[in-house]
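Visitor: Can you read through this structure? Questions will come right after.
The values are calculated or read from the model by the stated rules, or taken from the named source; none is laboratory data. Every value quoted in this text rests on a predicted model; they were computed, and no experiment measured them. Cβ atoms come from the backbone with ideal geometry, glycine included; neighbour counts cover every protein chain shown. For accessibility, only protein heavy atoms count, side chains too; no ligands or nucleic acids. Shrake-Rupley method; radii C 1.70, N 1.55, O 1.52, S 1.80 Å.
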Amino acid sequence: MQCPKCKSPRVQRGYNDAPLPLRMLGLHELLCNRCGLEFKGFDLFARFDREPSVETQSPSDRRRAPRYTCHVPATISLVEGEARVGTVSYTQPSRGHCESISERGMTLSFVGTRFTSEDLSRKGRLLFVNVDLPNGPVDAVVSMVTLDRAESEAGVGKWIAGVSIYQMTEADMARLRSYLDRCAEVRVSE
């Protein structure tokens, strides 16, 4: 059986029941999952079941914190040394942008002329990031989770790094939460 409007074979039993005498004859309310058309059709052997139109989301697909799109300037430096020992140094900063941010991490984009691909290729590499949020700057030591190289149409390549927050002071975390609360209010009002 197919939908009479869009000819899609993705048909299921509709949510409105036909009257009992019609159902006994095999006539049922059917629903197209592609275009949403409700129509009557014969289903003598009850081949079509009612199915939810939206798949349930698995718990593994949910984010631990909401992520907000932003475009704010950031400076990024490589952390050299062991962060646990406390004896670290930072390389010269490179300018970049924070493209998305959450309470647990962010997406950074930068040209990376100061960094080689070998410097950035190690998963878990620590970076020192200063993000200039509208309500004040936030400093954080972040751990690199993903790294991609994107080429623009002009042939200029930039790095796009997904990072998780490794260490941040309480004052900076409070400033970040304040900024995220404002982002949530703006999203709800839209």
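Visitor: Being touching a Lys or Arg at 6+ places or on another chain (Cβ under 8 Å) and at pLDDT 80 or above is the filter here, so list the residues in segment 11-26 that pass it.
Guide: The answer is Gln12, and nothing else.
Visitor: List the residue pairs whose Cβ atoms are under 6 Å apart, where the first residue sits in segment 119-144 and is among the hydroxyl-bearing types (Ser, Thr, Tyr), the second is open to solvent by 30 Å² or more (accessible area, probe 1.4 Å) and part of a strand (DSSP E or B), and the two are 6 or more positions apart or on different chains.
Guide: Sorted first by the residue in segment 119-144, then by its partner, the pairs are Ser143/Ser164; Ser143/Tyr166.
Visitor: When segment 111-129 is examined, which residues are found to be buried (at least 16 other Cβ atoms within 10 Å of the Cβ) and not charged (D, E, K, R)?
Guide: Gly112, Phe115, Leu120, Leu126, Leu127, Phe128, Val129 - these are the residues of segment 111-129 that are buried (at least 16 other Cβ atoms within 10 Å of the Cβ) and not charged (D, E, K, R).
Visitor: What number of residues within segment 130-152 are over 18 Å from Thr91 (Cβ atoms) and either aliphatic (A, V, I, L, M) or open to solvent by less than 30 Å² (accessible area, probe 1.4 Å) (or both)?
Guide: 5
Visitor: Quick one: would you say Asp61 is of a type outside the set (Phe, Trp, Tyr), modelled with pLDDT under 90 and closer than 22 Å to Leu180 by Cα?
Guide: So Asp61 fits the description; yes.
Visitor: Pick out the one residue from Ala174, Ala184 that is open to solvent by less than 80 Å² (accessible area, probe 1.4 Å), outside any loop (DSSP other than H, G, I, E, B) and farther than 17 Å from Ser100 by Cα.
Guide: The unique qualifying residue is Ala174.
Visitor: Right, next: Does segment 164-171 contain at least one residue that is open to solvent by less than 30 Å² (accessible area, probe 1.4 Å) and either at pLDDT 90 or above or among the small types (Gly, Ala, Ser) (or both)?
Guide: no
Visitor: Can you tell me which residue is least open to solvent (accessible area, probe 1.4 Å) among those in segment 1-28 that are over 13 Å from Arg47 (Cα atoms) and outside any loop (DSSP other than H, G, I, E, B)?
Guide: In this case the residue turns out to be Leu22.
Visitor: Within segment 37-47, can you find the residues that are open to solvent by less than 80 Å² (accessible area, probe 1.4 Å) and at pLDDT below 80?
Guide: Asp43, Ala46, listed by residue number.
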